[in-house]
Amino acid sequence: MLLEREKTIDNKIIDNIRSLSIDMITNAKSGHPGICLGAAPILYALYKDHINIDTNYPNYFNRDRFIMSAGHGSALLYSTLFFAGFPITLDDLKSFRQLDSITPGHPEYGKTPGVDMTTGPLGEGISTAVGIAMAERYLNAYFNDKKKDLINYYTYVLASDGDLMEGSSYEACTLAGNFNLNKLIVLYDMNGICLDGEVSKSTNENLTLRFSSINWNVITVENGDNYEEISKAIEEAKTETTKPTIIAIKTVIGKNSNKEGTSDVHGSPLTEEEVSELKEKLDIRDVPFTVFQNLLDEFRNKINERCFKLNDKFINSIESLDDEAREVLDYLMNEDKSIDLKNLAYQLPDKMEEKARVTSGKVLSSIVTKYPYVLGGSADLFKPTCTYVDGVGDFTKDNYTGKNIFYGVREHAMAAISNGLALCGIRPYAATFLAFSNFMLPSIRLACMMNLPITYIFTHDSISVGEDGPTHQPIEQISQLRDIPNLEVFRPADVNEIIGAYKEIYNKKENPSAILLSRNTLPILNCTKTNEVVKGGYIARDFQTDKKAILISSGEELSKCIDIATKLQSKGIGIRVVSVPNIDRFLSQDKEYIDEVLPVEIKKIVIEASNSKDWYKIIYNLNNVININDYGVSAPKEDVYKHFEFDIDSLQAKIEEIIK
Ligand SMILES: Cc1ncc(C[n+]2csc(CCOP(=O)(O)OP(=O)(O)O)c2C)c(N)n1
Ligand SMILES: [Mg+2]
């Protein structure tokens with residue numbers, strides 16, 4: 001087909017990226033052509049004119065971040081990154097969505113050079129990007145008196161209709177507006193179509209009003225096929241000094257294909273004929289994976305002009321840092337995120353008891369006060385979770401060095417933002433009640449996939465919450481968290497184990513952990529051991545001769561087991577008590593150790609105020625697990641315990657019955 005006028009070189013590159021994306025999808029027989037055809041000019045404008053990267057050093061620390069929040073546009077992302085000169089080959093593009101390729105179905109962090117985050121679940125990318133932009137502000141402020149603007153990257157996001165429909169994006173964007181994150185720029189692929197058809201079937205909001213009301217700068221691009229208009233809008237966004245910017249770019253899904261403008265082109269490959277037609281329209285040879293060298297050179301040269309040796313320049317610039325700043329930067333840039341807490345400052349209480357959450361708060365404070373790269377916050381539960389840290393300031397638009405992050409009642413955004421902070425080298429923590437951990441699960445799942453070293457602090461961890469009732473009494477949450485691969489769950493029993501759990505958590509080089517804590521005052525036991533937490537489980541109290549049973553427990557229930565064992569001993573019944581603050585750790589010990597702690601021949605009984613099924617990995621008799629399989633009840637804690645027969649007398653009676 002003859003074109004009416006000669007295409008610009010920019011449009012030629014954009015069309016080559018389009019055809020490459022389509023070839024990947026056709027070759028894989030799966031993928032999402034719609035966004036690739038519609039949003040190609042957006043990615044091109046960003047990479048050609050704006051984003052600061054070093055394709056030789058994809059992890060260059062001060063790089064501008066790009067989050068493909070609409071992860072289903074992975075083919076577009078990979079073909080753009082290939083075109084931009086990242087170490088991705090044409091063969092890599094040919095193995096799109098195949099086993100062991102570096103071009104998986106949706107972008108995966110750590111697999112593809114230039115991919116800054118795992119995306120796919122809509123809403124996660126844009127929410128996490130808020131955390132990445134917060135990390136920039138924090139690190140910029142932290143290093144500013146040592147070296148001005150050492151860290152000063154922009155965070156760019158490509159978000160689709162679905163991203164903005166997800167509630168978490170609203171939570172996170174509100175925080176971005178509140179924190180004046182002006183270096184966060186969202187490129188909104190506003191095609192008005194989602195998987196099931198027109199967006200208007202489910203949405204009639206006024207985007208400008210919505211984002212203006214949360215302190216965002218809103219720019220509209222009328223013709224999303226016009227690269228120059230998009231590039232100008234990004235330029236304008238970069239001049240904004242306080243507000244984050246969303247650029248609403250009116251695009252056409254599946255642009256240039258015979259299905260353009262319809263949801264049919266969202267997620268199924270084009271047919272062979274449709275591909276041929278498209279390529280004719282784009283004036284590209286109908287040979288799969290055609291790449292024009294002159295276009296490749298043109299694009300790469302443009303990027304090189306702007307980004308020449310950015311990593312080298314950055315490395316040179318950090319030579320002048322003093323030792324302290326250098327140490328912090330090294331930590332941020334290092335993959336090993338372990339922190340040795342051996343000199344932990346912890347003041348024992350006067351009495352031999354303490355609220356578990358108070359112990360946790362003391363330990364956390366000592367860590368946060370000491371290490372600049374540990375910060376975090378709570379979803380409006382600083383006080384009851386004891387996670388507010390005195391003396392380190394609050395993270396606000398006027399104080400980016402502050403370390404207490406006020407997330408408001410936004411658990412999902414808190415978890416996504418924690419991912420963003422961690423992606424920038426920080427070791428964040430996030431706190432709420434255990435019952436509300438559900439609100440965070442989508443982001444926790446991604447943290448686990450990305451091996452991010454986040455600490456989730458979940459207090460009020462059982463029916464012993466009492467009066468607040470079933471909505472606030474976690475039952476299944478312990479199980480849910482233990483079920484998540486790559487998440488370590490600690491449920492310590494007292495001061496000794498809480499300190500041990502924190503030591504283990506911070507000793508980890510990567511991967512998230514959750515620490516579950518009672519809201520209540522717990523006795524400091526003389527039989528629990530800080531140094532045994534490393535094994536996940538150990539003999540807390542033993543009885544040498546003629547053991548009748550072993551009680552296995554965790555958290556708040558452990559001290560009940562100790563009491564019961566003492567009572568039974570006075571009746572001549574010998575009982576061993578095993579504390580298991582971390583089931584998976586315990587199960588990963590060698591068989592000899594496990595058999596020594598839990599000899600096969602002795603009856604074992606588990607006591608835990610949850611419905612966790614994980615205990616069946618340790619004992620095989622369903623009748624010997626004393627747990628709770630119903631939601632809680634509202635009453636004073638002692639009455640709740642009695643209701644569920646979890647008070648000491650009832651538990652003792654049940655145990656004696658099992659032993660009999
Ligand atoms: C949390 C979540 N829910 C559902 C999906 C499945 N999904 C993938 S894309 C999509 C809709 C896409 O609409 P839009 O975001 O506008 O993308 P477009 O069709 O314009 O490319 C859906 C529902 C998903 N990826 N994530
Ligand atoms: Mg859409």
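The values are calculated or read from the model by the stated rules, or taken from the named source; none is laboratory data. Bear in mind the structure is a predicted one, so any value in this text is a computation, not a measurement. Backbone-built Cβ (ideal geometry, glycine too); neighbour counts: all protein chains shown. All accessible areas refer to the heavy atoms of the entire protein, side chains included, with ligands and DNA or RNA removed. Shrake-Rupley method; radii C 1.70, N 1.55, O 1.52, S 1.80 Å.
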Dipole of region 436-529, positive end: most advanced residue of Asn451, Val495, Ser464 [Cβ charges, Cα centre]: Asn451
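Gain in length, Arg326 to Ala345, computed as 0.36 nm per residue apart minus the alpha-carbon separation, to one decimal in nm? Before the final figure, lay out the partial values.
On the way: separation 19, 0.36 × 19 = 6.84 nm, distance 2.45 nm.
Result for the pair: 4.4 nm of gain on full extension.
Nothing charged except the Cβ atoms of Lys and Arg (+1) and of Asp and Glu (-1): what's the magnitude of the dipole of region 157-219 about its Cα centre? Round to the nearest 20 debye. Before the final figure, lay out each step's value.
Numbers: 3 positive and 8 negative charges, 59 e Å.
Value, rounded to 20: 280 debye.
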Relative contact order of region 420-463, pairs being alpha-carbon contacts under 8 Å that are 6 or more residues apart, as %: 55
Other-chain or far-sequence residues with amide H under 5 Å of Ile552's (modelled H): Val578, Ile605, Val606, Ile607
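Magnitude of the Cβ-charge dipole of region 1-156, K/R +1 and D/E -1, about the Cα centre, nearest 20 debye? Could you put the intermediate results ahead of the total?
On the way: 15 positive and 17 negative charges, 18 e Å.
For region 1-156, the charge dipole is close to 80 debye.
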Environment charge at Leu423 (Cβ cut-off 14 Å; Lys +1, Arg +1, Asp -1, Glu -1): -3
Of Ile484, Asn16, Pro269, farthest towards positive along the dipole that unit charges on Lys, Arg, Asp, Glu beta carbons give the chain: Ile484
For region 115-211: relative contact order, % (alpha-carbon pairs under 8 angstrom, 6 or more apart): 31
Cβ-based net charge around Trp615, under 10 Å, with every Lys or Arg adding one and every Asp or Glu removing one: +2
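What are the semi-axes of the equivalent ellipsoid of the chain, taken as the square roots of 5 times the eigenvalues of the Cα gyration tensor, listed largest first and rounded to whole Å?
On the way: eigenvalues 537, 139, 99 Å².
Semi-axis lengths for the chain are 52, 26, 22 Å.
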Qualifying trypsin sites (Lys or Arg not before Pro) in region 119-176, DSSP loop, other Cβ atoms within 10 Å at most 14: Lys148
Segment Val600-Thr242, extension gain: residue separation times 0.36 nm, minus the distance between their alpha carbons: 122.4 nm
Long-range HN-HN contacts of Asn191 with modeled amide H, under 5 Å: Asp161, Thr251
Across Lys111/Lys337; Lys617/Lys637; Lys238/Lys397, pairs whose alpha-carbon gap is larger than 28 Å: Lys617/Lys637
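Under the 0.36 nm per residue contour assumption, what length would be gained going from the current alpha-carbon distance of Leu207 and Thr271 to full extension? Don't skip to the answer; put the middle values down first.
Numbers: separation 64, 0.36 × 64 = 23.04 nm, distance 3.50 nm.
Here the answer is 19.5 nm.
Summarise the accessible area of region 466-582 (1.4 Å probe, protein heavy atoms) by the percent that is carbon and sulfur. Numbers along the way, then the final one.
Details: 1710 of 3690 Å².
Heavy-atom surface of region 466-582 belonging to carbon and sulfur, 1.4 Å probe: 46 percent.
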Pairwise centroid distance, computed over Cα atoms, of region 96-141 with region 167-190, Å: 16
Integer Hz, Karplus 6.51/-1.76/1.60 couplings in order for region 296-309, x for Gly and Pro: 4, 4, 4, 4, 5, 4, 4, 5, 5, 4, 7, 10, 4, 6
Computed helical MRE - 222 nm, the chain, DSSP H runs ≥ 4 contributing -39500 (n - 2.57), nearest 500: -12000 deg cm²/dmol
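Given a 1.4 angstrom probe, I'd like the percentage of the accessible area of region 12-63 that is carbon and sulfur, rounded to a whole number.
Values: 420 of 1140 Å².
Result for region 12-63: 37 percent of the exposed heavy-atom area is carbon or sulfur.
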Under 15 Å from the Cα of Lys660 - aspartates and glutamates, other chains or at least 8 residues apart: Asp546
Alpha-carbon centroid distance for the pair region 536-587 / region 146-164, whole angstrom: 51
Positive-end residue of Phe289, Pro599, Ile583, charge dipole of the chain with Cβ unit charges: Pro599
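So for the chain, averaging the separation of alpha carbon pairs under 8 Å that are six or more residues apart and normalising by length, what relative contact order in percent results? Numbers along the way, then the final one.
Values: 1394 pairs, mean separation 78.5, N = 660.
In percent, rounded to a whole number, it is 12.
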Folded to 0 to 90 degrees: helix 495-507 orientation relative to the chain principal axis, Cα: 30
Per residue solvent-accessible surface (Å²) - the chain, probe of 1.4 Å: 39
Apportionment of accessible area to carbon and sulfur, region 328-378, percent (1.4 Å): 48
Dipole magnitude of the chain about its Cα centre (Cβ charges: Lys, Arg +1; Asp, Glu -1), debye to nearest 20: 1240
On Cα atoms only, tilt of 323-333 relative to the major axis of the chain in degrees: 80
Inter-part distance where region 444-465 and region 7-35 are each reduced to a Cα centre, Å: 40
Separation in nanometres of the label points that stand 7 Å from Cα toward Cβ, at Arg306 and Met333: 2.4
18 Å cut-off, amide nitrogen to a point 7 angstrom out along Leu587 Cα→Cβ, residues in region 602-624: 604-624
Net charge over other residues, Cβ less than 14 angstrom from the Cβ of Val328 (K, R count +1; D, E count -1): +1
On Cα atoms only, tilt of 356-370 relative to the major axis of the chain in degrees: 50
